Amino acid sequence: MKKTIETVAIIGTGNMGMPMAINLAKAGFQVRAFDIVLEKLTPLIEYGVIACCSHQDALESAELVLTMLPTGTEVSDVYQNHVIASASRDAVLIDSSTIDLKTAVEIHTLAIENGYRMLDAPVSGGTAGAQSGNLTFMVGGESESLQSVTQVLQAMAGKIVHCGKSGMGQAAKMCNNLMLGIQMVSVAEGFRLAQAVGLSEQTLYDVALNSSGNCAALTAFNPIAGLLPDTPASRDFQPGFSNDLMLKDMKLAIAAAKANSVPLDLAHRASALYQQFSEHGHGSMDFSAIFNLYDIDKDDCGK
Ligand code: NAD
C-alpha cells in the first residue's frame, strides 16, 4: 500500500535524532537529515538516510519535518530562519525537542500563520527508547494533523498520546520530567543510605523493584554502575540523558510553576543538585551520575 507520507526531513541528529532517523529509514521512509555538526550525519548514510548539507537541502521535498534540537533557542532559530522559509506549505511540522511552553506556542502560531500544520510532540524513553523504536510521544495540536502523521510516528513510537491543544505535549513532558528529576535524587539517596548501613545494592534493587520504591529511576536509569546491563551507569555514565538536559527540564518546570503561581519544593532542591553537578564540570554525563555528587562535595550535599 502506498504511504501517504514518503519523505521526512529530520533536523538535529544527536543522541535522540540519530536513532529516530535510522528507524524512519528502516521503516521505508526517505529520510533527509541535517545537523550543524556534519560529522553526526556520517553514521546515518549506511542506513540509507540522505545526509544533507544545509537546513534548506534537508527540507526540500519533505512532507513531514521533524526537529530534534537542544532547547527553545535552537528551535526558534531553525523555524524562523529555515523551516518557515523553505519547507513546502503542505508539509506537517513536528517539534519533538523538549522546550518551554511559551516558545512552543509561539512557533506553533508562526507556523499556522504561514499556512502549515504543526504539532509539538516531545518524547520520553531516552536513547534506549529511541533506538528500539519505543518512544512515548506526547502530542499537542489538532487531532487531524496527528492522524495525518501517525504512520510516521509509529516507526519510532511504542505509545502516542494526544495531550490536547498546541503546547500540551510540552506541558506533559515538563511535568513527567519534573517527576523523573526528583525521583533520581530519591533513588540516589536510597542507595547511598543502603551502602552506609551495609545493605547490598543488589538486595535493595530486588526489594524496591517489588515494593513501593519502584520507579523508572530505579529500573531504566539505575545509578549504580554494574548493577544492571544497558544503563548509562554501566557505561561510565555516557548519556543517555545528560545532566545538562535534565537541569534544563527542571528549570522549564520551575519557570512554568512560577508563571502559574504553583509552589514547588523538592523541584528546587533537585534542580540545585543538578546545577551543582554541572558546575563541577559534569554536565555532559548522564543525569543518573548525580549519584556521584555525594562523593564530590559531601559538605554541601551529604547533610
Ligand atoms: P543532542 O545535543 O545530542 O542533539 C541535538 C542536536 O541538535 C545536536 O547534534 C546538535 O548539533 C544539533 N543542532 C543544534 N543546533 C542546531 C541547528 N541550528 N540546526 C541543526 N542542528 C542543530 O540532544 P539529544 O539528547 O538528542 O536531545 C534532543 C532533544 O530531545 C532535547 O530537547 C532533549 O531535552 C530531548 N530529549 C532527550 C532525551 C535523551 O535521553 N537524550 C530524552 C527525551 C527528550
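With at pLDDT 95 or above and outside any helix (DSSP H, G or I) as the only criterion, which of L180, L199 stands out? Talk me through it step by step, then tell me what you get.
Details: L180 fails: outside any helix (DSSP H, G or I).
None of the others qualify; the one that does is L199.
Taking the range 190-204 only, how many residues are in contact (Cβ under 8 Å) with a residue 24 or more places away in the chain and either open to solvent by 70 Å² or more (accessible area, probe 1.4 Å) or closer than 18 Å to S271 by Cα (or both)? First the steps, then the outcome.
If we filter the range 190-204 for residues that are in contact (Cβ under 8 Å) with a residue 24 or more places away in the chain, which is where we start, we get 191-192, 201-202.
Imposing the further condition that a residue be either open to solvent by 70 Å² or more (accessible area, probe 1.4 Å) or closer than 18 Å to S271 by Cα (or both) reduces the set to 202.
Total satisfying the criteria: 1.
Restricting attention to the range 75-104, the residues being closer than 23 Å to L247 by Cα and either buried (at least 17 other Cβ atoms within 10 Å of the Cβ) or within 13 Å of the ligand (Cβ to nearest atom) (or both) number 13.
One line per residue, one yes/no per condition, for (1) within 25 Å of I22 (Cα to Cα); (2) within 15 Å of the chain's Cα centre (by Cα); (3) modelled with pLDDT of 95 or more:
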position	(1), (2), (3)
V78	yes, no, yes
A87	yes, no, yes
T98	yes, yes, yes
K102	no, no, no
I107	no, no, yes
P122	yes, yes, yes
G141	no, no, yes
A155	yes, no, yes
G167	no, no, yes
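Whether any residue in the range 21-33 is at pLDDT 95 or above and near the ligand (Cβ under 9 Å from one of its atoms) is what I want to check. No, every residue in the range 21-33 fails to be at pLDDT 95 or above and near the ligand (Cβ under 9 Å from one of its atoms).
Filtering the range 169-205 down to residues that are among the β-branched types (V, I, T) and within 11 Å of A217 (Cβ to Cβ), which residue is farthest from the chain's Cα centre (by Cα)? Walk me through how you get there before you give the answer.
Residues of the range 169-205 that are among the β-branched types (V, I, T), as a first pass: 182, 185, 187, 197, 203.
This time we only want the ones that are within 11 Å of A217 (Cβ to Cβ), so: 182, 185, 187.
Values: I182: 17, V185: 19, V187: 21 Å.
The selected residue is V187.
Scanning the range 49-64 for residues that are closer than 18 Å to V149 by Cα and of a type in the set (A, V, I, L, M, F, W, C) yields L59, A62, L64. The residue pairs whose first member lies in the range 102-124 and is over 13 Å from E142 (Cβ atoms), whose second member is more than 13 Å from the ligand (Cβ to nearest atom), and whose beta carbons are closer than 7 Å, counting only pairs six or more residues apart or on different chains, are A104/G167; V105/S166; V105/G167; L110/I84; N114/I84; G115/R89.
Criterion applied to S284, S278, S271, S261 was being within 16 Å of the ligand (Cβ to nearest atom), assigned to a loop (DSSP other than H, G, I, E, B) and more than 18 Å from G125 (Cα to Cα), and the one residue passing it is S284. Scan (1) over 17 Å from the mean Cα position of the chain (by Cα); (2) away from the ligand (no atom under 11 Å from the Cβ) for the single condition S54 breaks and write down its number. So the condition that S54 fails would be (2).
Just checking, does the range 175-187 include any residue being hydroxyl-bearing (S, T, Y), over 26 Å from Q276 (Cβ atoms) and away from the ligand (no atom under 16 Å from the Cβ)?
If we filter the range 175-187 for residues that are hydroxyl-bearing (S, T, Y), which is where we start, we get 186.
Checking the rest, the ones that are also over 26 Å from Q276 (Cβ atoms) come to none.
Looking through the range 175-187, none of the residues is hydroxyl-bearing (S, T, Y), over 26 Å from Q276 (Cβ atoms) and away from the ligand (no atom under 16 Å from the Cβ).
Of everything in the range 245-277, what is acidic (D, E) and surrounded by fewer than 20 Cβ atoms within 10 Å (Cβ to Cβ)? Give them in sequence order. The one that is acidic (D, E) and surrounded by fewer than 20 Cβ atoms within 10 Å (Cβ to Cβ): D265.
The condition of being closer than 20 Å to S97 by Cα and open to solvent by 20 Å² or more (accessible area, probe 1.4 Å) does not hold for N214. Answer yes or no: is there a residue in the range 108-115 that is away from the ligand (no atom under 13 Å from the Cβ) and closer than 19 Å to A256 by Cβ. Yes; the residues of the range 108-115 include at least one that is away from the ligand (no atom under 13 Å from the Cβ) and closer than 19 Å to A256 by Cβ.
May I ask you to say which residue of L247, L218 is touching a Phe, Trp or Tyr at 6+ places or on another chain (Cβ under 8 Å), more than 14 Å from the ligand (Cβ to nearest atom) and part of a helix (DSSP H, G or I)? Walk me through it before giving the result.
Numbers: L247 fails: more than 14 Å from the ligand (Cβ to nearest atom).
Going through L247, L218 in turn, the sole match is L218.
Only one entry in L38, L44 is surrounded by fewer than 21 Cβ atoms within 10 Å (Cβ to Cβ), more than 8 Å from the ligand (Cβ to nearest atom), closer than 30 Å to N243 by Cα and more than 17 Å from the chain's Cα centre (by Cα), namely L38. Among the residues of the range 121-153, just one is closer than 18 Å to K165 by Cβ, in a strand (DSSP E or B) and open to solvent by 10 Å² or more (accessible area, probe 1.4 Å), namely M138. The set of residues in the range 47-74 being exposed (fewer than 14 other Cβ atoms within 10 Å of the Cβ) and either closer than 22 Å to V139 by Cα or in contact (Cβ under 8 Å) with a residue 40 or more places away in the chain (or both) consists of S61, T73.
The values are calculated or read from the model by the stated rules, or taken from the named source; none is laboratory data. Quantities reported herein were computed from a predicted structural model and do not represent experimental measurements. When we count neighbours, we look across all protein chains shown, and the Cβ atoms used for this are built from the backbone with ideal geometry, even at glycine. These area figures cover heavy atoms from the full protein model, side chains too; ligands, DNA and RNA do not enter into them. Shrake-Rupley method; radii C 1.70, N 1.55, O 1.52, S 1.80 Å.
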